[in-house]
Amino acid sequence: MKTNFSLLFYLKKRKNYVNGNVPIYMRITVEGNRAEIATNRDCDPKRWNAKGGRAIGSKEEIKVLNTHLDQLQNAVYYAHQRVFDMGLPITADAIKSSYLGTLINSHTLLEAVADHNLKMEQLVGKDYVRGTLNRYKVLERHLKVFIPLKYGVADMDIRTIDQAFLNGFDHYLRSDKNCANNYVVRTLKILERSFASVWKMNG
């Protein structure tokens, strides 16, 4: 489920402010947690609509300013969508990092499993038998159905995989796929092995 967030444009006055233009900032809020971003624009407080988060007036410079703020707003919404599409937890800092282009994109779960399967396939007949590879490929197919069904995304950042995910996948195999206990236990072990090395790299 996509986590909602709010975006506010506001004037950030200095402590020793007396008069003149004030810098405009954006504030991203997710579940009470905030992140601020400078817009590199300013405005006279007398011409600022605090509720609407835009400058007031019909002059060309005001129109240009408001158009720029509209563009920044669209960019923040796009940044939020990008965090969601990556399967990362939606936080104010994550949206800010996505907006600034500093969001670190680690391996995704399906990417890690697919990479593991590719390497294993190259070793079939040497270190592995075809049956073992087939079990890993079945795991990959299960995950491609489970992740969109449970989380509403095509793939997930591997850093977000935790015990709750494994428990949910366990329940999915037992309830939705009617898999036997031995199969479920074996499949979860296969899952953990397939991305164990990447998991270690990420903490």
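The values are calculated or read from the model by the stated rules, or taken from the named source; none is laboratory data. Here the structure is a predicted model, which means the values were calculated and not measured. Every residue, glycine as well, gets a Cβ built from its backbone with ideal geometry; the counts of neighbours run over all protein chains shown.
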Point to revise | Unique match (being among the polar types (S, T, N, Q), modelled with pLDDT of 80 or more, part of a helix (DSSP H, G or I) and not assigned by TED's automatic domain parsing to the domain that holds Thr29) among Asn74, Asn117 | key: Asn117
Exercise for review: Mind telling me which of the residues Ile37, Ile24, Ile28, Ile56 ends up being among the hydrophobic types (A, V, I, L, M, F, W, C), surrounded by 13 or more Cβ atoms within 10 Å (Cβ to Cβ) and over 14 Å from Gln73 (Cα atoms)?
Suggested key: Ile56
Check your understanding: From the list Leu72, Leu65, Leu11, which residue is under 32 Å from the mean Cα position of the chain (by Cα) and either in contact (Cβ under 8 Å) with a residue 60 or more places away in the chain or closer than 17 Å to Leu100 by Cα (or both)?
Key -> Leu72
Check your understanding: What tally of residues in region 14-46 results from selecting those that are over 26 Å from Ser98 (Cα atoms) and of a type in the set (Phe, Trp, Tyr)?
Key -> 1
Practice item. Quick one: which residue in Ala79, Ala50 is at negative phi, of a type in the set (A, V, I, L, M, F, W, C) and surrounded by fewer than 14 Cβ atoms within 10 Å (Cβ to Cβ)? Key: Ala50
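Going by the structure shown, is Lys96 outside any loop (DSSP other than H, G, I, E, B), within 30 Å of Phe5 (Cβ to Cβ) and in the same structural domain as Ile37 (by TED's automatic domain parsing)?
Values: outside any loop (DSSP other than H, G, I, E, B): yes; within 30 Å of Phe5 (Cβ to Cβ): yes; in the same structural domain as Ile37 (by TED's automatic domain parsing): yes.
Yes, satisfied.
Let's see how each residue does on (1) in contact (Cβ under 8 Å) with a residue 24 or more places away in the chain; (2) aromatic (Phe, Trp, Tyr); (3) not assigned by TED's automatic domain parsing to the domain that holds Thr91:
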| residue | (1), (2), (3) |
| --- | --- |
| Asn16 | no, no, no |
| Arg27 | no, no, no |
| Pro45 | yes, no, no |
| Lys51 | no, no, no |
| Tyr78 | no, yes, no |
Practice item. Only residues that are charged (D, E, K, R), within 26 Å of Phe84 (Cβ to Cβ) and free of Cβ contacts under 8 Å to residues at least 24 places away in the same chain: list them for region 113-162, please. Key: Asp115, Arg141, Lys150, Asp162
